[in-house]
1. May I ask you to say which residue of Leu270, Leu228 is closer than 21 Å to Thr39 by Cα, out of contact with any strand residue (DSSP E or B) (no Cβ under 9 Å at 6 or more places or on another chain) and among the aliphatic types (A, V, I, L, M)?
2. Would segment 264-277 turn up any residue that is β-branched (Val, Ile, Thr), more than 27 Å from Glu28 (Cα to Cα) and touching a Ser or Thr at 6+ places or on another chain (Cβ under 9 Å)?
3. Just the residues that are within 21 Å of Leu153 (Cα to Cα) and at pLDDT 85 or above, please, taken from segment 36-57.
4. Phe161 passes all but one of (1) buried (at least 17 other Cβ atoms within 10 Å of the Cβ); (2) at pLDDT below 95; (3) outside any helix (DSSP H, G or I); which number fails?
5. Which of the residues belonging to segment 286-324 are open to solvent by 40 Å² or more (accessible area, probe 1.4 Å), more than 29 Å from the chain's Cα centre (by Cα) and not aromatic (Phe, Trp, Tyr)?
6. When you scan segment 19-60, how many residues do you find that are within 13 Å of the chain's Cα centre (by Cα) and open to solvent by 40 Å² or more (accessible area, probe 1.4 Å)?
7. Open to solvent by 30 Å² or more (accessible area, probe 1.4 Å), part of a helix (DSSP H, G or I) and at pLDDT 85 or above: which single residue out of Asp185, Asp194 fits that description?
8. Those residues that are of a type outside the set (A, V, I, L, M, F, W, C), open to solvent by 40 Å² or more (accessible area, probe 1.4 Å) and within 19 Å of the chain's Cα centre (by Cα), I need them from segment 260-285; list them, please.
Amino acid sequence: MYDTQQQPDQGPLAGFTVGVTAARRADELGALLQRRGATVLHAPALRIVPLADDGELLAATKEIIDHVPDVVVATTAIGFRGWIEAADGWGLGEPLLGRLGGVELLARGPKVKGAVRAAGLTEEWSPSSESMAEVLDRLLEEGVDGRRIAVQLHGEPLPGFVEALRAGGAEVVLVPVYRWMPPEDIGPVDRLLDSVVARQVDALTFTSAPAAASLLSRAEERGLLGELLAALGHDVLPACVGPVTALPLQARGVDTVAPERFRLGPLVQLLCQELPGRARALPIAGHRVEIRGHAVLVDGELKPVPPAGMSLLRALSRRPGWVVARAEQLRALPGAGRDEHAVETAMARLRTALGAPKLIQTVVKRGYRLALDPAADAKYADA
C-alpha cells in the first residue's frame, strides 16, 4: 500500500511530508501524523507472517511443555499473545500456560507485562527501560550456567542476547512466533526510496529494526544505498521509535532521533518539535516566511508550492537577500534542461502560490533575490 494523504492547513507538521515504513500499526501512526498536518507516504518495508501453522513454533511449544525451562523471556505483547493463541489452536494452550505459571517469567516492558497478565500469568520481573540489555544484565547477574532459558522472538533473531546467554553456559530455546518477510509488492517501497533520495520526504519513520534493515537492503539491491545514506545524513530526518530500531541505521553511520518513551505518540511529538525547528524562517518584505518541505508558511498561513517553485525558493534562501542568477536557478530546477525561460515560468507560479509577489524581487539582467527586510539584510550580508 502506498498512500499520499494530507491534512490541509493545520498543525505543527503542515507542509511536511513524512514517510512511514511500518507494517503493523501503520494506520495508527499515519493518523497521528495527519492529525498534526503532515502529508504521509506509507510503504511497508516488510510484512509479518504468523507461524500458527509453522512446525518451528509447534516444536518449540512442545519442547517447553515436555522439558520445562527455568526462565521464559517474553519480548513483545503481540508475540506473546500470538504464541498463546497458536497453542490454543493446537490444543496445547492449557498445558503451556500450566508450564509458564511455574517458571521465572520475565516481561520486557509494560505492554508485554499486560499481555502476560491477560493470559492469567504473573511476571516475576520487568525492566523499567523496556531494554533487552537490562533483561540480559539481570540474567547474567543471577547466573545462567546450566539453566534452560526460553526466549520468545518476534520476527527477528536476537543474536547478541542469545549468544551472551549461551556463552554464560545457558541452554537457550528459541520460540519464533512471527517471521519478517519482504513485502509482497515491492513497488511502494521503491517509490518511497525514490522520494527520499529526491528529498521529497522531510522525515522517515521506523518502528522496528527489521523494517530499517529491509529498506537499507532494498536500496543496496537498487544501487541507491549511497544516495539513501546521504539523504538521511543531511536532508531527511530518520526518526526511530527507540534505540533498538535505530541499530541497522546507526551501523551504517546514520544519526537518528528517538523519543524518550518508546511509543508512537511520543515519536510523533518528537517530529512536531524537530521538523519545524529545521525549517528556515526569514523576515521578507514585511512578512514572516517559513520554508517547509512542500509548502511555505507566510505569516502563519500555509501556502502549498509546486516542486519546481520549492526548488527555486530553496536556492534563493541559501543566500538570503543575495541575487541568484537565472543560470544557477536553472540548475536547481529538476529536469529543466537549458532553457532559462523555464525559470521565469516556475518563478511566476511560485509568486502566485505565495500570494505575495513582492517577496521575490527581479533584478534586471541578473536574476532574482528574496526581498529581505532592511534589518535582516545586515544579518545575512556575509552569509
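1. Unique residue meeting the criteria: Leu228.
2. no
3. Pro44, Ala45, Leu46, Arg47, Gly55, Glu56, Leu57
4. (3)
5. Gly286, His287, Arg288, Asp299, Arg319
6. Here the count works out to 3.
7. None of the others qualify; the one that does is Asp194.
8. Glu260, Arg261, Arg263, Gln269, Gln273, Glu274, Gly277, Arg278
The values are calculated or read from the model by the stated rules, or taken from the named source; none is laboratory data. Note that this is a predicted model, so its numbers are computed, not measured. Neighbour counts run over all protein chains shown; Cβ positions are idealised from the backbone, glycine included. Heads up: the accessible areas ignore ligands, DNA and RNA and are worked out on the full protein's heavy atoms, side chains in. Shrake-Rupley method; radii C 1.70, N 1.55, O 1.52, S 1.80 Å.
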